[in-house]
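Heads up: the structure comes next, in structure tokens.
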Amino acid sequence: MRAFIGKISVLAMFPVVALVTSSCKEVPKVVEIDARRDLCQFDDPTVYKGAYDAWLATQPLEWRRVSRTEFRLLNYAAGEETQIAVGQVDGGGILANMNRWKREFGQEVLENIDGLEKIEMLGGRTAYVIQLKGTYQTKMSGMPVKAEDWAVTGVICDIGGGSLLTVKMMGPEAEVKAQQENLMKFIKSIRVNSLQTPSERSKKDAKMDAAEGGGY
């Protein structure tokens, strides 16, 4: 009986030894991928290729990238409902655009921008910051939108030539407050993709196509 029990104990050890041995195998340095995936919006040249000469920025790890639109050159989501968008506006001025955001909260408009917080971005340019909270009301696609306990952090920078760069973070007040540090780091990282102008990109595409036998 004792010998029988000893035999069971020895046999029971084999799976453990096999498991330890298999876990010590060297991981291959080259991995072959033969799976296929569906195309997404970033594979579509009509959506993404035009963004090569636009703005670049370092995305915080907590944010999720979402599809860009005509007015959102960089577009992100954070938390449950917070949205962060970078846009470029031609004309209107800083004051007019700040007051547009204030009217979305039913607040009195500013007479000037002298009292607004200032930060630096884009290598030393002055940007103006506005913080808003309360009941947000606007229209999207002609439909009224209303949200309680909402907040906006808006940043506008004059980039010359009558154009403004805008950064707008909007969402529930608690979420917007929690993302302030990420937002400021993000703003500091924004830069123009100067090495990817349309003409330079076209040359690079042609060179890649010739080398690889195709484009997008």
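What follows is calculated from the coordinates using simple rules that are stated; it is not laboratory data. Note that the structure is a prediction, hence the values are computed from the model and not measured. Every residue, glycine among them, receives a Cβ derived from its backbone with ideal geometry; neighbour counts consider all protein chains shown.
Need one word for the stretch 124-190: rounded, prolate or oblate. Basis is the Cα gyration tensor (sqrt eigenvalues a ≥ b ≥ c); a/c below 1.5 gives rounded, then a/b vs b/c decides.
Values: a/c = 2.78, a/b = 1.42, b/c = 1.96.
The shape class here is oblate.
Mind running the shape call on the stretch 47-180? Use the C-alpha gyration tensor, a ≥ b ≥ c as the square roots of the eigenvalues: rounded below 1.5 for a/c, prolate if a/b tops b/c, oblate otherwise.
Values: a/c = 1.40, a/b = 1.07, b/c = 1.31.
Rounded, because the longest to shortest axis ratio a/c is under 1.5.
Label-to-label distance for LYS118 and GLU70 is 3.6 nm, based on points extended 7 Å past Cα in the beta-carbon direction. Extension gain for ARG125-PHE105 works out to 4.4 nm (0.36 nm per residue, less the C-alpha to C-alpha distance). For the pair THR135 and GLN59 in one chain, pulling the backbone fully straight at 0.36 nm per residue adds 24.5 nm over the alpha carbon distance.
Computed over neighbours whose Cβ is under 12 Å from that of ALA57, the net charge equals +4, Lys and Arg +1, Asp and Glu -1.
Set the Förster radius R0 to 30 Å, insert the Cβ-Cβ distance between ALA178 and ALA35 as r into 1/(1 + (r/R0)^6), and round the FRET efficiency to 0.05.
Details: r = 37 Å, r/R0 = 1.23.
Taking R0 as 30 Å, the efficiency between ALA178 and ALA35 is 0.20.
So how do PHE105, PHE71 line up by other beta-carbon neighbours within 10 Å, fewest first?
Details: PHE105 16, PHE71 12.
The order, fewest Cβ neighbours first, is PHE71, PHE105.
Rounded to the nearest 0.05, the FRET efficiency derived from the C-beta distance between VAL192 and GLU26 at R0 = 35 Å is 0.20. Which of rounded, prolate or oblate describes the stretch 118-162 when judged by the alpha-carbon gyration tensor and an a/c cut-off of 1.5? Note, shape of the stretch 118-162 comes out oblate. Going by neighbour counts of Cβ atoms within 10 Å, the residues VAL86, VAL109 line up, fewest first, as VAL109, VAL86. For the stretch 160-174, putting each phi into the Karplus relation 6.51 cos²θ - 1.76 cosθ + 1.60 with θ = phi - 60° gives couplings of x, x, x, 10, 10, 9, 10, 10, 10, 10, 9, x, x, 3, 5 Hz, in residue order, rounded to whole numbers and with x for Gly and Pro.
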